1. For SER560 and LYS338, FRET efficiency with R0 = 45 Å and r from the beta-carbon atoms, rounded to 0.05?
2. Give me the distance in nm between label points sitting 7 Å out from Cα along the Cα-to-Cβ direction at GLU323 and GLU199, one decimal.
3. Calculate the dipole size of the stretch 106-227 relative to its Cα centre from +1 charges on Lys and Arg beta carbons and -1 charges on Asp and Glu beta carbons; express the result in debye to the nearest 20.
4. Hey, for a label at SER37 modelled as a point 7 Å past Cα toward Cβ, could you say which residues of the stretch 195-209 have their backbone N under 17 Å away?
5. Cα-Cα over 30 Å: which of LYS42/LYS219; LYS151/LYS219; LYS207/LYS248; LYS86/LYS219?
6. Can you give the net charge of the other residues whose Cβ lies under 12 Å from the Cβ of ALA570, counting K and R as +1 and D and E as -1?
7. Here are some pairs, LYS131/LYS215; LYS242/LYS530; LYS242/LYS418; which of them have Cα atoms lying more than 26 Å apart in this structure?
8. Multiply the residue separation of GLN491 and SER90 by 0.36 nm, subtract the distance between their alpha-carbon atoms, and state the gained length in nm to one decimal.
Amino acid sequence: MKKISILIVTVLLAVSCSDFLKEDPKTAMSPDKVYQSVTAYKQAVYSMYRIYRTYYTKSNDEIFLTIGSDDINSYRNEWDWGQSDKFHQSDGISRLEDAWEGAYFGLLRANFVIENGDNVPTNSVTEEALKNNCLGQGYFQRAHWLFWLAKFWGPVPMPLITTDIGAEKRSVADIYDQVISDLEQAVALLPYPENQEAEWKTTSDGKSFSLVPHKGSAKALLAQVYLQSAGWPLKRTENYAKAAQYAKEVIDEQARFNFGLVSIDRIWTGEAFFDEETIYGVPFSSINTGENYTMHVLNDQIEDEGGWSTNMADLYFFERFPEGRRKEVTFQTTVWVKATEAEIEAVRSQYGSEQAGWPQRNWNGQTYENGEYTWENYDPDTQLEKGDPFYDVRDRSWRVQVSWDSPRTLRRHPFYAKNRFDDCLSQHDWKTRSLNGDEWASGVLQRWMRYAEVLLIYAEAKAMSGSLDQSCIDALNQVRARAGEPRGLAQLGDYASAQDFQRDIFDERGWEFCGLEYGTRWSDLLRLEKVEEMNAHRLSNEVWPDTREPKEQALVNQPSKKYYYFLVPAIEKSRAGLTDNNAETNPIEP
C-alpha cells in the first residue's frame with residue numbers, strides 16, 4: 001500500500017491518448033492546477049481508464065483470478081495460470097501482485113477524482129453538469145474496483161482518500177455497503193447517454209453510444225452487486241428484490257440507454273467498438289494508439305497456431321453446452337495445423353511452383369504489427385471447411401484446418417472464439433478467425449458487462465424475491481431466442497419453484513458468459529457455492545504431449561472454501577503486515 005501511495009502524484013495524473021478518450025493539454029498538469037477549471041478536472045478522469053492498460057493487460061490477470069471456474073482450463077504445466085487451475089497458489093508470483101496492485105491503482109485514481117470534486121469551480125449549468133459527470137465516473141470506478149477486490153480477496157483494505165496508506169482490512173459487509181453507496185451516487189450524478197459529452201460518444205450503425213459509464217451503466221452494476229450480495233458470503237437474500245428493481249429500471253429505459261441484444265452472428269465479429277450489448281466497457285485498442293489498452297483475456301492463441309494455449313474450453317462444459325448457433329460462435333472447434341507433405345504436394349501440382357499462384361493468406365504488404373489479412377486464390381468460407389491447405393505468409397508455412405479432437409492437434413481441445421477474429425476494424429466471418437500482432441496483444445472493446453446479463457439478473461432476482469412470473473420467463477427467453485439453439489423457449493409451467501428456475505438461470509448464465517467474460521462464471525460459482533460441485537465434473541485435467549496420448553494431471557488441492565479467496569501477495573504481507581483470508585473460517589470479517 002505504501003508503494004502505491006508514493007506513486008499517486010505521477011500515476012493519477014496520467015492522461016490517455018486514445019483516439020476515443022482524447023485530450024490535448026498544452027502544459028503538464030500538476031495538483032495545484034487541476035482544480036482551476038472543469039476542463040482541468042476532466043483530465044483527472046482520463047487517468048482512471050489508463051489503469052485498464054497499464055496494470056490489467058500485462059499479465060492476463062483475469063485468467064489468473066478466474067481460471068478455477070469449470071468452463072475453462074489451462075495447459076496446467078505452464079506459468080502461473082496452472083496454480084489457480086489446480087487450486088495450488090503461491091503468494092510470491094508476479095501475476096498475483098499485478099492483479100492486487102492494479103485494482104488498488106484504479107481505486108486510488110477514483111479517490112483522487114472524488115475527493116477533489118468539491119474544489120472545482122463552475123461558471124454555468126453546463127460546467128456544473130460536466131463536473132457532476134466526472135464525479136459520477138469517479139464513484140462508478142471506485143465501486144467497480146472495490147467490488148472486484150471483495151469478490152476475489154474478501155476482507156481487504158479500503159482506502160477512500162488518496163492519503164490513506166493504512167493497511168487495516170475492512171469486512172466484506174463494509175465493502176459492499178460502500179460499493180452500493182458509491183453506485184447510488186453514480187446513478188444520481190451520471191447523465192443519460194443523450195446528454196453525454198460529445199468527445200465521450202461514438203456512433204455505430206447510426207446510433208450514439210457512450211464510451212464511459214452513464215446512468216444506465218450504474219444501475220446495471222448496482223443490480224449485479226445486489227445479486228452477488230444475495231448469495232455467498234453475505235447471503236443478504238433481501239437484496240434479490242433490489243437486484244430485480246434496478247435491472248427492471250434498466251430494461252424499462254432500454255431504448256433511452258441504447259441497450260439491446262446484438263444478433264448472435266454479429267456479437268463476436270468485431271464489427272463495432274460499442275453497440276447495444278455494451279453496458280460499459282473499455283474502448284481502447286493498439287490499432288489506434290500503438291499501445292495495449294484492453295485486457296486481452298479472451299484472445300489466447302492456440303499452440304498449434306503459434307500461441308501458448310493458456311486457456312482452453314473444459315471438455316465436460318463443452319459437451320453439455322446446448323447445440324446451436326451460440327455454441328458455434330462461442331467456441332473455436334477447428335485448429336490450423338501444419339499441412340502434411342502430401343497435402344502440400346497436391347496444392348503445388350494444381351497451382352505450380354510459383355508462390356504467386358498459391359492459395360494463401362497475405363498481410364496486404366503492411367508491417368506485421370499493423371497487417372490486415374487478405375485471402376488470395378482461396379475462399380476460407382468453403383475451402384477451410386473442406387480442409388484445403390493454404391500458405392500462411394506470416395509464418396511461412398502451409399496450414400490446414402482440422403477438428404479440435406484430431407490426433408493432429410497438440411492439445412485436442414476446443415478453444416473460446418469470443419473476441420477472436422481477423423482485423424478488428426474490418427468485418428470478417430468469425431469462422432476464419434486468427435490473430436495478428438495487434439489483436440493478440442490488445443483486441444477490441446472489452447465489454448465488462450452486457451445487456452444479456454441485465455435480463456438474466458432480472459429473471460433470477462425477480463423469481464428469488466418471491467415472484468416467479470411471466471416477466472421472468474420473458475427476460476430469459478430474450479437471451480434464449482437470441483442464442484438460436486434447438487431447446488426452444490421456456491414456459492412458466494416448466495418450473496415447480498423459484499429454486500428450480502434459478503438452476504436453469506445458472507446454466508443459462510454459464511453458457512452465455514463462459515470463457516472469462518470478466519469473472520462472471522467464477523462469480524456465479526462463488527455466490528451459489530458451486531465451486532466444489534462444478535469442478536468435480538471437469539474433464540480437462542489432462543495435457544496432450546507429443547505422444548498424442550492423454551496424461552491425467554490431478555488437482556493439487558480439492559476445491560473448498562479454503563480456496564475461494566486468493567492469497568494476499570507476499571510483498572503486501574511484508575510491506576503492510578497483511579494476512580491471508582480463509583473463507584472456510586470466516587468469509588466476511590478480517
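1. For R0 = 45 Å, the calculated efficiency reads 0.55.
2. 5.4 nm
3. Values: 10 positive and 14 negative charges, 79 e Å.
Value, rounded to 20: 380 debye.
4. 198-199
5. In this structure, LYS86/LYS219 lie more than 30 Å apart at Cα.
6. -2
7. Working: LYS131/LYS215 15 Å; LYS242/LYS530 23 Å; LYS242/LYS418 31 Å.
With Cα atoms farther than 26 Å apart: LYS242/LYS418.
8. Details: separation 401, 0.36 × 401 = 144.36 nm, distance 4.73 nm.
Extending this stretch completely gives an extra 139.6 nm.
Bear in mind that the values in this text are calculations on the coordinates, not laboratory data. What you are looking at is a predicted structure, and each value in this text was computed from that prediction instead of being measured. With ideal geometry, Cβ positions are generated from the backbone for all residues, glycine too; neighbour counts draw on all protein chains shown.
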